[in-house]
Amino acid sequence: MIQVANDTFSNPAIDKRILADVARIQSAWLQWIAEATEGDFDSKIVETLVETLDAHARGYLGALNRENLLPEYTAYLRRVGMALLQNAQQHSLLQDPYSEERLRKMAESSSEYILRKRSSTSEQQEGEIRNAVERLRLEFREQSKQSLEWRIQIRMRIETRFEARYRHWAAEAMEKVQRIADQPQPTTVVRREVSLERLARNWEDIEISLISDERVEIRIGSKIETRNYAEASASRLRAASTPEYPSTGSRSRQYRAHRPLLS
């Protein structure tokens, strides 16, 4: 898996899915190397890298949930593709087999150098290695040239396929965002408390009971509230200024007050 820093599209769940997909791709590659069933080596390299890019694109698409992330998604995917290519050139399939480092390792592992190493100083050893590297460079000059041409050709094929996949996944991302936008949004229901006074259609609907020396019980249908005298008076003042509140007739007659029987 290629690690490219990004907080939006990288999280443990996504990374685990990508790791699993990449592991399957690598397993299929090794099986093909052990026993090639179809296709040529060059095409298999290209397909393996394209499938690895797709594994990353598919995983990161899961984190795309709004339109303003589209540019970031496509740019991030391109950075992943560049990282895949660089990794293949430096550590994997497209590595230069005749690089300075490779030639030096070949020189250090030669039997001549190993035999003379113990009897030589550090400066003499370094000089022998440099001379051996130059001899190997001349020896493999033609192979190095052919390898470079091959790697350039393969890189061009990979870059062309990557560009096609970038555009494919950009289209997938746009369609996903559109599907999210087309989904019906949940309706937010705002619940409002209805004051007791607004439940009454007529003054006759209101019944007030004196339940103590300090509190009254107000009943409108099945709705019951208890208030002290100050609250009840404030409620009447508010109700008088409310258009929905009953406003016909004499209030002294419309309030039916009675004191409950005391045992």
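Filtering segment 62-77 down to residues that are of a type in the set (A, V, I, L, M, F, W, C) and touching a Phe, Trp or Tyr at 6+ places or on another chain (Cβ under 7 Å), which residue is surrounded by the most Cβ atoms within 10 Å (Cβ to Cβ)?
It comes out as Leu77.
Take segment 166-184 and flag every residue that is over 17 Å from Arg58 (Cβ atoms) and among the charged types (D, E, K, R).
Asp182, the sole residue that qualifies.
Looking only at helices (runs of 4 or more DSSP H) that lie completely in segment 92-161, which have at least 1 residues being of a type in the set (Lys, Arg), in contact with a helix residue (DSSP H, G or I) (Cβ under 8 Å, 6 or more places away or on another chain) and at pLDDT below 90?
In segment 92-161, 111-117 are the helices (runs of 4 or more DSSP H) which contain 1 or more residues that are of a type in the set (Lys, Arg), in contact with a helix residue (DSSP H, G or I) (Cβ under 8 Å, 6 or more places away or on another chain) and at pLDDT below 90.
The values are calculated or read from the model by the stated rules, or taken from the named source; none is laboratory data. Predicted model only: the values in this text are computed from it and were never measured. In this analysis, Cβ positions are derived from the backbone assuming ideal geometry, glycine residues included, and neighbour counts consider all displayed protein chains.
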